[in-house]
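Each remark here refers to the structure printed beneath this line.
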């Protein structure tokens, strides 16, 4: 999606669950903030969203990229859980990121950037549902609920969904890298040695299979 920068000057490999995963992402090294050993945080809770202090930052796009890289799974999982639709969750987060790019440079970074993005994405999703004839009945129920809060369970749920046994192994790997790893379609395509449009079609088919 965006280009990320390491916050501690080191690069750590994505832990590969099997050989195929290792081959697929061996050329992609995702920056992570420091390490469990130096952070004092239990390894089971790693990676954590970056620590961000309220106020303006020079590179909002870079900050949003780091947030996406570290907590895409949690944000997508929280919105997907409530909306019941991965595509709508993805669309809502895209709208929220666009809104952040417009507002954060002038208004400053919120105290909880991830929470702000999910709440804004939730509102954007409800707005889209109100405009969608198919979603008008659903929005009446959802609008009465508070915005979801991403947690470890949402992150795990997104990882498990991406690894659904009904998906072919290449599709599981690609979707996991996209939804749980925060990698862009172009980056995943480079790892699989295919054109980005081909990978975009594969990801779309995988998401369609999960909906069905």
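The values are calculated or read from the model by the stated rules, or taken from the named source; none is laboratory data. Since this is a predicted model, take the numbers as computed values, not measurements. Methodologically, a virtual Cβ is constructed for each residue, glycine included, from the backbone with ideal geometry; neighbour enumeration extends over all protein chains shown.
Count, please, the residues in the range 69-90 that happen to be within 11 Å of the chain's Cα centre (by Cα) and over 17 Å from residue 153 (Cα atoms).
The qualifying residues number 2.
Could you list all residues from the range 111-123 that are assigned to a loop (DSSP other than H, G, I, E, B) and over 18 Å from residue 69 (Cα atoms)?
111, the sole residue that qualifies.
Can you name the residue in the range 178-202 that is part of a loop (DSSP other than H, G, I, E, B) and out of contact with any strand residue (DSSP E or B) (no Cβ under 9 Å at 6 or more places or on another chain) and, of all such residues, is nearest to residue 71 (Cα to Cα)?
184
So which of 140, 144 ends up being modelled with pLDDT under 75, surrounded by fewer than 16 Cβ atoms within 10 Å (Cβ to Cβ) and part of a loop (DSSP other than H, G, I, E, B)?
Residue meeting the stated conditions: 144.
Specify the residue that is nearest to residue 202 (Cα to Cα); the eligible residues are those in the range 155-170 that are assigned to a loop (DSSP other than H, G, I, E, B) and without any contact (Cβ under 8 Å) to a residue 24 or more places away in the chain.
That would be 168.
Only one of these is under 15 Å from residue 179 (Cβ atoms) and at pLDDT below 90: 85, 132. Name it.
None of the other options fit; the residue is 85.
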